[in-house]
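Here's the structure, in structure tokens; my notes come after.
Please treat every number below as a calculation from the coordinates, not as lab data. The structure displayed is predicted, hence computed values, not measured ones. A quick note on method: Cβ atoms are made from the backbone with ideal geometry, for glycine too, and the neighbour counts reach across all protein chains shown.
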Amino acid sequence: MTTRRASGLSTVQGHYWHAVLLGDRSLSRRLQPRAFLDRRALGGVLLGMFRVVLRWLDPDPSNSAEIRQFAERVMRYTYASYGVPADEVSRRILQEMGEVPDDDVKPAHPGIAELAVVMTGVRDLELKPGHIDRMITGGEEFARQWGITLAAYRPGPIMRWRFEMAEGRWYGYAARRRWSAERMGAFTD
């Protein structure tokens, strides 16, 4: 049985990104084939999440040293095999904030800098699964505003249970015990 936590996620792409950000590889692999059917929607939700995280982090666009330091912190937690330099991350942040015009230089791996910023933002802001839901829901709304068609998706009971288990692992041992007690209390009068 699930506790029916209110989730605003409405697309398979949003559920996929939620599984990725929770760090549940099994769940993200299960959702990956359906999420990757529409790569434009997947990228649109990612760019929307990137925009939401930048709003929450609220960097000062006039302080390039602060943005450069954040970009270096992002790159410390990103795998070196992606080959995305801190300059590209800081340029992408400044482009999103409107400080640097979009130029004709295409990144070697589109979306990697944005995903790295989102993952670092989740860790730096210490977001809980409910906050991650709101971030992804905001990303879905931005994607819809940009004219990207997002197909509706509602996970079945087993997938909802798997998400609950992934969220329980996200909280850690002490919080899992508290979460378990709260969950058990949901079924008693």
When you count, for each residue, the other Cβ atoms within 10 Å and take the mean per peptide, how do 152-164, 41-53, 21-33 rank with the highest first? 41-53, 21-33, 152-164
Kindly rank 87-93, 68-74 from highest to lowest mean number of other beta carbons found within 10 Å of each residue. 87-93, 68-74
Any residue on another chain or 5+ positions along whose placed amide H is under 5 Å from the amide H of Thr11 is listed here as Tyr153
